[in-house]
């Protein structure tokens, strides 16, 4: 589960979220997803701010990188990473391991 709420201080100079920044022709988000593939997850969950989903077409970007993903909108500021993760509880399989990756771990 990628927890990508956080504050607005995680933007690049163009105003995009840092996870959309390209390094060596690869978005940071794409790199993190590919880093997780050896774990063979059954699905990827993304908790992302509603505004970022709309403004940057995040669902479409993620779908191009990985097909088995669910984007969970964050409608308002949460109390932190654990609260954000709770937004996705209906999509979590309790019989599988869960890896939480926070926005701050993106770089």
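Structure data summary
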read-out: Highest-first arrangement of 88-97, 52-61, 75-84, where packing means the average Cβ count within 10 Å; value: 52-61, 75-84, 88-97
read-out: Kirkwood-Stokes translational diffusion coefficient of the chain, alpha-carbon pairs, 4 °C, 1.567 mPa s, µm²/s; value: 92
read-out: For the stretch 13-69: rounded, prolate or oblate by the Cα gyration tensor [a/c cutoff 1.5]; value: oblate
read-out: Per-pair calculated FRET efficiency, R0 = 30 Å: residue 13 and residue 91 via Cβ, rounded to 0.05; value: 0.30
read-out: Cα-projected label distance for residue 60 with residue 39, points at 7 Å along beta-carbon direction, nm; value: 2.9
read-out: In nm, spacing of pseudo-spin labels at residue 50 and residue 22 (7 Å Cα→C-beta vector); value: 3.2
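Bear in mind that the values in this text are calculations on the coordinates, not laboratory data. These numbers come from a predicted model, not from an experiment. In this analysis, Cβ positions are derived from the backbone assuming ideal geometry, glycine residues included, and neighbour counts consider all displayed protein chains.
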